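The values are calculated or read from the model by the stated rules, or taken from the named source; none is laboratory data. The structure displayed is predicted, hence computed values, not measured ones. Neighbour counts are summed over all protein chains in view; Cβ atoms, including those assigned to glycine, are modelled from backbone coordinates with ideal geometry. Accessible surface is based on the protein model in full, side chains and every heavy atom, while ligands, DNA and RNA are left aside. Shrake-Rupley method; radii C 1.70, N 1.55, O 1.52, S 1.80 Å.
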Amino acid sequence: RTLLAFGHDLVAASLAWFGAFWLRFNLTIPKEMHTIFWDTIVWVVPLQGAVFIVFRLYRTLWRFVSLPDMQRILVAILVGSALIPVVLLMTRTNTNVSRSTLLLDPVLLAAMMCGSRVAYRAWREHRTTGVFHDSGKPVLVDPKGSDYSRYAGATVIVVTSPELKAAA
């Protein structure tokens, strides 16, 4: 599952980089920018992947994703996005990448990575505990108080001696 999540994030990084170019040029990437796109994506995606590993984004399952996980994702994206121009400059890659592309990329990447995790968690929770879904799991209740109507639908209601004395 970790490999699948890592692969998803690499695809998201690729799509975000493409989307940043695409949006920057009003939904049509000019022919002269195709070379720049392909020259830079071979550095951008592995760099983002390395940053994701360093920030340990794959230590929890998606179904348990939490706000600290989202914060870690956002920080990793920001660090990776800050390193992109540095790496492109150091590798002397054709660095004619516009500033708007560098700003759009992390926004798109955050939307894809965080959005997919939240959507998966929501789908997973709805599937297992949804309103119209009977999970088939037994429910054991230790009642408190004398109003037992709120425990309707429970599989087993545990009655202890104080409850028995109150009922008698």
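Summed over region 89-109, the residues that are open to solvent by 70 Å² or more (accessible area, probe 1.4 Å), at pLDDT 90 or above and over 19 Å from Pro46 (Cα atoms) give a count of 1. Residues that are open to solvent by less than 80 Å² (accessible area, probe 1.4 Å) and more than 29 Å from Arg121 (Cβ to Cβ): does region 46-63 have at least one? No - not one qualifying residue is present in region 46-63.
Could you please let me know if Val86 is over 23 Å from Ser116 (Cβ atoms), β-branched (Val, Ile, Thr) and open to solvent by 30 Å² or more (accessible area, probe 1.4 Å)? Please lay out each step first, then the result.
Details: over 23 Å from Ser116 (Cβ atoms): yes; β-branched (Val, Ile, Thr): yes; open to solvent by 30 Å² or more (accessible area, probe 1.4 Å): yes.
The answer is yes for Val86.
Name the residue that is farthest from Arg99 (Cα to Cα), counting only residues in region 18-34 that are touching a Leu at 6+ places or on another chain (Cβ under 8 Å) and open to solvent by less than 80 Å² (accessible area, probe 1.4 Å).
So in region 18-34, the residues touching a Leu at 6+ places or on another chain (Cβ under 8 Å) come out as 19-20, 23-24.
Imposing the further condition that a residue be open to solvent by less than 80 Å² (accessible area, probe 1.4 Å) reduces the set to 19-20, 23.
Values: Gly19: 14, Ala20: 10, Leu23: 12 Å.
Filtering first and then ranking leaves Gly19.
Every residue in region 139-168 that is in a loop (DSSP other than H, G, I, E, B) and modelled with pLDDT under 70, please. The answer is Ala168, and nothing else. No other residue among Leu74, Leu78, Leu88, Leu108 is more than 17 Å from the chain's Cα centre (by Cα) and assigned to a helix (DSSP H, G or I) apart from Leu88.
The requirement of being modelled with pLDDT under 90, basic (Lys, Arg) and part of a helix (DSSP H, G or I) is satisfied by Arg127. The lone criterion from (1) open to solvent by 30 Å² or more (accessible area, probe 1.4 Å); (2) over 26 Å from Val118 (Cβ atoms); (3) outside any loop (DSSP other than H, G, I, E, B) left unmet by Phe37 is number (1).
So in region 1-33, with the set limited to residues that are outside any helix (DSSP H, G or I) and touching a helix residue (DSSP H, G or I) at 6+ places or on another chain (Cβ under 7 Å), which one is nearest to Pro46 (Cα to Cα)?
Quick first cut of region 1-33, residues outside any helix (DSSP H, G or I) only: 1, 25-30.
Next, from what is left, pick out any that are touching a helix residue (DSSP H, G or I) at 6+ places or on another chain (Cβ under 7 Å): 25, 29.
On the way: Phe25: 24, Ile29: 23 Å.
The qualifying residue nearest to Pro46 (Cα to Cα) is Ile29.
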